[in-house]
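Data first, discussion second: the structure below is written as structure tokens.
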Amino acid sequence: MSGSPQQREEAVTIFEKGAEGRRAFACPPLDVPAVDPEQLLPHRLRRAQGPDLPEVSEPEIVRHYVRLSKRNFDLDSGFYPLGSCTMKHNPRLHERLAALSGNARLHPLQDTELAQGALAVMWGLQRALAEISGLPHVSLQPSAGSHGELAGVLVSRAYHEDRGEDRRKVLTPDTAHGTNPATVSMAGLEVVKLATDEHGGVDLDDLRRKASEEVVCLMLTNPNTLGIFDRNIEEIAEIVHGVGATLYYDGANLNAIMGISRPGDMGFDIVHFNLHKSFTQPHGGGGPGSGPIAVSDRIAPYLPIPLVVRRPLSEDGSGAGGARDGAGRGEGENGLGEVWREHVYDLDWDRPKSIGRLRGFHGNYGTFVRAYAYIRSLGADGLRNASEVAVLNANYLLARLRELGAAEMLPLAYGQLCMHEFVLSGAPMKRELQVKTLDLAKRLLDYGHHPPTVYFPLLVEEALMVEPTETESRETLDAFAEAIASILTEAKEDPELLRGAPYTTPVRRLDEALAAKRPVIRGETRRKREGQELEAPADEARGPGGAGARGAR
Amino acid sequence: MSRYTSLTASDEQAMLEAIGLRSVEELFARQIPEHLRLRGRLQLPDGMGEQEVYEHLAALAAENVCSERQLSFLGAGFYDHYVPAIVEAICERSEFLTPYTPYQPEVSQGTLQAMFEYQTAICELTALPIANASVYDGPSAVAFAAYMAKLHNGRGEIVASAGLHPHTLQTLRTYAHGFGSEVIEVPLTDGATDLHAWSEAIRQSTGAAIFAQPNFYGAVEDAEQLAAAAKQACARPSAAASGQSSASAASGQSSASAASGQSSASAASGRSGVGRGEGPVVIAQVDPITLGVLKPPGQCDVDVAVGEGQPLGGRLDFGGPSFGFFAAREEFLRRMPGRIAGETVDLDGRRGFVLTLQTREQHIRREKATSNICTAQALNALAAVIHLSWLGRRGIVELGELLLARTHYARERLCAIDGVSALHSQPVMREFALRLDADVEQVRRLCMSGALEPAGANAASDGPPRTAEGLSSAESARGVSAAPRFHRQAGVNPGVDLRALTGRAQDEGGLLVAITERRTAGDIELLAVTLEAALRRVKAEAVARA
Amino acid sequence: MAEASCPKDLLYHPDHDWARIDDEQQGVATFGITWFAQDALGEVVFFEPPEVGSTLKKDTPYAEVESVKAVADVIAPLSGQIIEVNSELGDDPSAINEDPYGQGWLVKVRLSDPSEREQLLDADAYSQLLAE
């Protein structure tokens, strides 16, 4: 990022732009008879003064947001080794496919026989995720990893409740993502923390002490957030299953093991996937994501509804050997499709033990199209290759950093090798040079790289968590390693330089304490700023000054 | 090497040497016990080239009958609004599409400022002072609001109007079972929440009282009255309060608001002031596209307004991704779930934006967090703020008035058909419920069969009058009906079978019809004649069978 | 930010909270967090004072202090009932950083068991603890 004059311009919101009377929208004309407004809607239900939205023309809107976009760093323009986030390339093909009108303009309540293509995609994705995880039953409903976690904990709880057991405790390692404990609380359960052993895995003695008949499940990531594969996983599974609890797999790190090892084979009962990590759904600056779950036979009855199911067409008695689209509705009744099929797809609602719904409709279908396209692009060998290269890239980057002498100030926190990511500790750098991991991260911005994840996992002091992913070239990894080495040299020669970084970005370090102390989370509008008071009561509704109302500055 | 990786064989060799290993195999053999490694390959098809994948998925997409191919009146939560082209053009830019959550604010000002603008837009729409950067969708937003209410006042009872979308009620029950709350459903009378039952259901143990505006059946509720009744019901001395006292309290409020009009809302909010140990948190699930016209939650003494954001810049996408918005009164600032963007300054004193109040969130407060949500639906929220800027201050009102007029007209027109009546008499804005005196599924299938050739239905396709140079005039291009571009074989999708969606016996014969600005008077006419013909045929068949 | 210090006239809880006995006879004390605690936390951005009248139990949390990226429980060094809170901190908590033993006090408490003070550390013992 170069810090061009445009990028460095003073921030002005869309609400502060425009002018009275400007507009982009032309309302379609009233083509029905005009009726007395009071008859349409009584006065007391009406808004007296419309919301104070911007008054801007289309060119203004386009320029505003295009210029705003240039104040972002993005994956398409640079290396983004954010640990635990799997910032792999987002194929543009997927955007084209998701935007096809048959996908983008398909109403969720369209009759299932008129949405067979969509259901076929969902069914195909369910099968593929089942195969990748080694667990046979899949619900696509959860909208994000955290949502998948909630689904996973709720199905575990339902499993125990169905057996007449009232269990309340959930075990999570101290290396876990914060979502794990937060999810446990939302599910009405209690968190019990597990210690980490000297190899970065679960402390088995601590697990044995805490495993009891009160435990609902153990939530685990493997490889864990340290990038380490826990070799004791089978023993962990044995202990957990021994007390009747379930074993839950947080799929944040699935990118390390696709086609190489399967959570179901390791003994896990439940897995959640992040389609926005391993399966290329673009992150969109913070969503949308998608968090399907896969479960074993014993957990299957409790999955959220609906599931996509497939039946042979002949079962319907509507013709053998395939039929045209609109299957089951007679020969070519719609005449809309040319694809011959042998199956009919449907939504299964009849699941009496299901935990119910977690959201509206069937899940984030747009993300399913992308994930399905990705799986079909790569195939079995391609998925395995993706994980192999992800792990190779991570270990190569680690080796290059060692080779360049970075390990002195940034040693690897645990182990020697890593899976798809690794965690360095900036503790020596902080101690010796009074330069924090945060300073190094900010300086990386001046070198044109997005920094790795910082200060996570909490277990590692001054943590720097690096996940390069398989889609980066060797040249990019070399450039990043050299950037780190160069910054460490700067840190020794001129630590103040790092403490003031970055210098080339659209803004410099921001005062986060001020933002939290005097929260301004809503902007002023132009009319308000120009003193064009809106008449009561719309104005009144803005409420008294304070946190949400307007800035003190 | 797949097309999404870049390592050549010589790269791989050099990299392994740098690591000090001979093979990639060794890299895994050293870390994963042998017997935990998959023997053989995944049982998945071989990979395909970009073009093959495109053809495969394009063929599947073509099997779906979408709203570009069928004249559709489906709604019930997701609506076929016109989304301006600039929304896609901007949202598909790499700079908005491919970054992660803005963890490094210095290089995320685009996303962060857009979030801040989005929050501002939601505050303006709802007339509430604070909003977050969005949550998953409408139904889960209601569940998050109920959880927030429980964290706020510690009370476990949730009173919910039966006018909430069935998916919302189901989602709320799933979550509530998790966090240990009970959901009590309040019935409707003539399509709107029964005020008496609402007041009766709310007690001192009620933590949250939730209704939808407009509700699932399309009815515009008297939000002000529901909020006031919720707060007054709880102000009763004890659970022993009689039905009579609550009814009179409620009617007293209603006459007060009628007399003093708008000002009663602010007076009420000055009086009530929800606090720990006081009334329930009043939560409204509102449809954002109606808020140019309907009195906003913030002026109805509602504490928390949430809703489904799909009508703002969203695709139909077979149900997702969309976003849920979340706005509230000031006092909920530190209990609100999800990401929040806030304004601040940089080292040089220049204006900038950051994620703020993060101590509420799971990555810091862990098991004590205000929710488990990690992320927002940032890209969908960006689409919403672009769409709202495009509509603008006047447009949101004009669009609302158009929807109101067309929806009102459509209800009248359809109710003029023999065998069709309105399910309720409440005002409607963008959707309404009908009752058919025939099997809804059968009628719907007939309408969609394309086999009906109702007289006069094709009037619109006779070809508009021409202007100079062969261009149709704006008036005629707008057309009386968009129908000609749809596949005739796809017929008309008249709306949602209510009973099938709600499972409620009293919804038998119910049809829910949505009207957006994309459904013209001509489209409504085509629906009317199609529906009439379908009903006639169903009856004729019934007579023939008899 | 204040200089590192550990006043002699205070009693200390090992979780980095302090107590000052204001009135031996009435059994009234003032509580706060130590210099070490505020330094570890960084700039405090939010403190919500607890309610006057609420009961505190020794060794259990009675409030939270928040910095930008951390939340810390404030532990009661002694048991009692809150008789006054430093309400100014609700608007601006910066005194917790700037003057943790003075303007940054959190609550005044009527002690329910003044003998509990025997279990607290004096300044020397607390300094020793920090050095370890």
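Here, each number is a calculation from the coordinates, and none is a lab measurement. Computed from a predicted model, the values in this text were never measured in an experiment. In this analysis, Cβ positions are derived from the backbone assuming ideal geometry, glycine residues included, and neighbour counts consider all displayed protein chains.
Values as computed for the structure displayed
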{"item": "Inter-chain Cβ neighbour average for residues A:28-41, partner chain, 10 Å", "result": "6"}
{"item": "Sorted largest first, extent of chain B alpha carbons per principal axis (Å)", "result": "81, 67, 55"}
{"item": "Peptide A:466-476, shielding by other chains (average Cβ, 10 Å cutoff)", "result": "3"}
{"item": "Calculated FRET efficiency for the pair B:Gln442/A:Arg311, C-beta based, R₀ 25 Å, to 0.05", "result": "0.65"}
{"item": "Restraint check, A:Lys277/B:Lys368; A:Lys517/C:Lys69; A:Lys88/C:Lys69, Cα-Cα greater than 18 Å", "result": "A:Lys277/B:Lys368; A:Lys88/C:Lys69"}
{"item": "Label-reachable residues, region A:150-181, where backbone N falls under 18 Å from a point 7 Å from A:Leu204's Cα toward its Cβ", "result": "A:173"}
{"item": "Percent of alpha-carbon pairs separated by more than 30 Å within region A:136-306", "result": "9"}
{"item": "Approximate spin-label separation B:Ala89-B:Thr189, in nm, with each point projected 7 Å along Cα-to-Cβ", "result": "5.3"}
{"item": "Normalised convex hull volume, region C:1-93, alpha-carbon set, Å³ per residue", "result": "98"}
{"item": "Reachable aspartates and glutamates from C:Lys8, criterion Cα separation under 15 angstrom, eight or more residues apart if same chain", "result": "C:Asp17, C:Asp22, C:Asp122, C:Asp124"}
{"item": "10 Å Cβ neighbours from other chains, averaged over peptide A:131-141", "result": "1"}
{"item": "Simple Cβ-charge dipole of region A:77-198, Lys/Arg +1 and Asp/Glu -1, about Cα centre, in debye nearest 20", "result": "360"}
{"item": "Selected from A:Leu358, B:Leu294, B:Thr168, residue furthest toward positive end of dipole (the protein assembly as shown; charges at beta carbon)", "result": "B:Leu294"}
{"item": "Among A:294-301, B:4-11, A:9-16, A:420-427, the order from most to least packed when residues are scored by Cβ within 10 Å on average", "result": "A:420-427, A:294-301, A:9-16, B:4-11"}
{"item": "Computed label-point distance, nm, for sites A:Leu404 and A:Thr112 using a 7 Å Cα→Cβ extension", "result": "5.5"}
{"item": "Contour minus Cα-Cα distance for B:Ala544 and B:Arg334 (0.36 nm per residue)", "result": "68.9 nm"}
{"item": "Descending semi-axes in Å of the protein assembly as shown, equivalent ellipsoid built from Cα gyration tensor", "result": "48, 39, 30"}
{"item": "Peptides ranked, highest mean first, by Cβ atoms within 10 Å: ranges B:280-286, C:105-111", "result": "B:280-286, C:105-111"}
{"item": "Theoretical FRET efficiency, 1/(1+(r/R0)^6), r = Cβ-Cβ of A:Arg63 and A:Ser473, R0 41 Å, to 0.05", "result": "0.75"}
{"item": "Within region A:39-79: backbone nitrogen closer than 16 Å to the A:Glu9 label point (7 Å, Cα to C-beta)", "result": "A:56-72"}
{"item": "A:Asp31, B:Asp418 arranged by Cβ crowding within 10 Å, fewest neighbours leading", "result": "B:Asp418, A:Asp31"}
{"item": "Sites A:Glu214 and B:Gln43, calculated FRET efficiency, Cβ-Cβ separation with R0 35 Å, nearest 0.05", "result": "0.35"}
{"item": "Unsatisfied cross-links (Cα-Cα over 31 Å) in the set A:Lys169/A:Lys353; A:Lys430/C:Lys58; A:Lys193/C:Lys58", "result": "A:Lys430/C:Lys58"}
